[in-house]
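Since the structure comes first, as structure tokens, the remarks are kept for the end.
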Amino acid sequence: MHRVYIALAPGDGIGPEIMDASLALFKAAGVGDHAEFVPVDMGKSVFDTGNTKGITDEAVRTVEDCGVLFKGPMETPKGGGGKSINVTLRKLFSTYANFRVFKSLPGVQTVYSKAGIHLDFSIVRENIEDTYGGVEHRLSNDMIQCKRLISAPGCDQVHRFAFQTARQLGLKKVFCGHKANIMKMTDGLFLDRFKFAAKDFPEIETGDVIVDALCMNLVIKPQQYQMIVLPNLQGDIVSDLAAGLVGGLGFAPSANIGKHISIFEAVHGTAPDIAGKGVANPTSLILSGIMMLRHIGLLKHAAVVENALFAALETGLHTGDFGDPSLPGYKKEPATTKQFVQGIIDKLGEKPKTVPATPVPEQSTPTLNHAPRPSSQQVIRTFVNIMSHVAGCDVYLDSPLAPVALAHEMQQAAQDTPFKLTLISNRGTQVWPGGSVYTECVDYYRVRFELKDGILPGSIGQSRAIALLDKIAEKFIVCSYELLRTFDGVRGYSMAQGQ
Ligand code: NAP
């Protein structure tokens, strides 16, 4: 019989307690007949050995071989430059889509449940790009930069996953959340690729919403959404907001989906204050595990566990962090983690009565097919055969000069080059030519050079821009530069605010 191997990392803090509880439930539901869990080392114990990645090479290989990782929450080392192992894993294994489901659960009281409003929607968050590259630099005494990277193939992967999932779930409408009114190129690309992907899913209606308005809508009328796709940082924030609507992080499962490898984890952290006390709520990890069972094809097991969980919750079974005293079996004394999971095991085979039961298929066997290991990293591309031409360069300077003095120096530097000075901006606002004397400047400028009149894009190469940089660097600190290019004749750079 086809067996699936799942890499298993219990995590830190409450991780091992809630993982033991989840595995006991899955074992009782017969998951062990089809799937085997393979322990891997990652998290605090690995950081403590001085490994700054928080994961051993052996664990990386095991996760690659399994194609699925089930993990508990893991501690991020404070200070010392150690990066979040959770973010590292998502990026290392290219799990490009973070899929979270927000559903009202029986026994979990919220302002919406009290108002009789049932919530059931999901958020698909881009999981790799955006500011999460953590590409940060100090550029001057006073200025720090974080690069926000959005790629077309990165957008395509997350949007296709969202539409395919919406189709599988029979959803009618998918929204794209964004801030393309301000970040016209990065969020603009995210929105454009959403509209492009939508063309292959004509039965699904689409809409787009600016992220700030989305937050307000989610609070006022969350039931209007079925699925929302968002860039990484916006998605991170909005999905915690959404978790709050259904009772908190303890009730929001999370799947990180990639082409080859997928990671299923609880959304909350290691809750160090209650670690080791045996009182943590395992619901988020159980719900994430149910998503994992569906991912590997164990649809029957997923349905049986989900129904048992809902049936147990509607009796009033609860841990210390939630509870609804109006339910028939509610006990003032909260259940321990072990008692809680035993309460769910006791309900295996039963169906919930107050919420729709999940249909249980006759049988299920794993369908996960792990593609062969690629021999090297793959380059993913969306646009090819585009003609790009040099049109100028933006030079970024660490300088305490005022804009007019700086402009004078830059005009001199540009003499005898194919470039002319066209713009100086500070914190994105045009300060030369023109602008307002009330625009406050800091010690870091963007200086834009474009081709002199009569010189066409494509008639010079990048080396002329580098020669200009070299000249400027004789007197100024050049922090970085960006080549300005046209792509198939379209300008590939933004205008300054006020330009
Ligand atoms: P947290 O671990 O989620 O805990 C915040 C509080 O929420 C806890 O103190 C506890 O509150 C409650 N809580 C969370 N999960 C619970 C559960 N399953 N059952 C019952 N109560 C629960 O957030 P944090 O304190 O900000 O982060 C702690 C560590 O976790 C940090 O090192 C952080 O980097 C890491 N983290 C990891 C992940 C991940 O692995 N994906 C995600 C987030 C954070 P009470 O005071 O009410 O007991």
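What the table below lists for this structure:
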read-out	value
Test: residue in the stretch 352-360 that is assigned by TED's automatic domain parsing to the domain that holds residue 306 and farther than 22 Å from residue 21 by Cβ	no
Per-region count, the stretch 326-344, residues touching a residue at least 40 places away in the same chain (Cβ under 8 Å), within 21 Å of residue 104 (Cβ to Cβ) and in contact with a Leu (Cβ under 6 Å, 6 or more places away or on another chain)	1
Count of residues meeting criterion [modelled with pLDDT of 95 or more, outside any strand (DSSP E or B) and more than 19 Å from residue 479 (Cβ to Cβ)] in the stretch 416-433	3
Flag if residue 439 is in a strand (DSSP E or B) and not aliphatic (A, V, I, L, M)	no
Scope the stretch 211-244; condition surrounded by fewer than 18 Cβ atoms within 10 Å (Cβ to Cβ) and β-branched (Val, Ile, Thr); matching residues	219, 220, 237
Search result, residues across the stretch 177-191 that are among the charged types (D, E, K, R) and open to solvent by 90 Å² or more (accessible area, probe 1.4 Å)	184
Residue within the stretch 219-229 that is assigned to a strand (DSSP E or B) and over 23 Å from residue 186 (Cα atoms) present	no
Only one of 87, 174, 135 that is crowded, with 20+ Cβ neighbours inside 10 Å and among the aliphatic types (A, V, I, L, M)	174
From 21, 29, 7, residue being farther than 22 Å from residue 272 by Cβ, modelled with pLDDT of 95 or more and within 16 Å of the ligand (Cβ to nearest atom)	7
Considering residues of the stretch 455-483 that are at negative phi, open to solvent by less than 80 Å² (accessible area, probe 1.4 Å) and assigned to a loop (DSSP other than H, G, I, E, B) only, the residue modelled with the highest pLDDT	476
Residue in the stretch 248-261 that is more than 9 Å from the ligand (Cβ to nearest atom), of a type in the set (A, V, I, L, M), crowded, with 24+ Cβ neighbours inside 10 Å and over 30 Å from residue 374 (Cβ atoms) present	yes
Per-region count, the stretch 276-325, residues in a helix (DSSP H, G or I) and either touching a residue at least 12 places away in the same chain (Cβ under 8 Å) or surrounded by 24 or more Cβ atoms within 10 Å (Cβ to Cβ) (or both)	27
Top-ranked residue of the stretch 67-87 - restricted to ones that are at pLDDT 90 or above and more than 10 Å from the ligand (Cβ to nearest atom), ranked as farthest from residue 374 (Cα to Cα)	70
Residues satisfying the stated conditions in the stretch 334-343, i.e. within 16 Å of the ligand (Cβ to nearest atom) and not hydroxyl-bearing (Ser, Thr, Tyr)	334, 335, 338, 339, 340, 341, 343
Qualifying residue in the stretch 56-64 (condition: within 16 Å of the ligand (Cβ to nearest atom), touching a strand residue (DSSP E or B) at 6+ places or on another chain (Cβ under 9 Å) and open to solvent by less than 20 Å² (accessible area, probe 1.4 Å))	yes
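Every residue, every condition in (1) modelled with pLDDT under 95; (2) outside any strand (DSSP E or B); (3) open to solvent by 50 Å² or more (accessible area, probe 1.4 Å), yes or no:
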| site | (1), (2), (3) |
| --- | --- |
| 344 | no, yes, no |
| 354 | yes, yes, yes |
| 366 | yes, yes, no |
| 404 | no, yes, yes |
| 409 | no, yes, no |
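The values are calculated or read from the model by the stated rules, or taken from the named source; none is laboratory data. Here the structure is a predicted model, which means the values were calculated and not measured. All Cβ positions, even for glycine, are placed from backbone atoms using ideal geometry, and neighbour counts span all protein chains on display. These area figures cover heavy atoms from the full protein model, side chains too; ligands, DNA and RNA do not enter into them. Shrake-Rupley method; radii C 1.70, N 1.55, O 1.52, S 1.80 Å.
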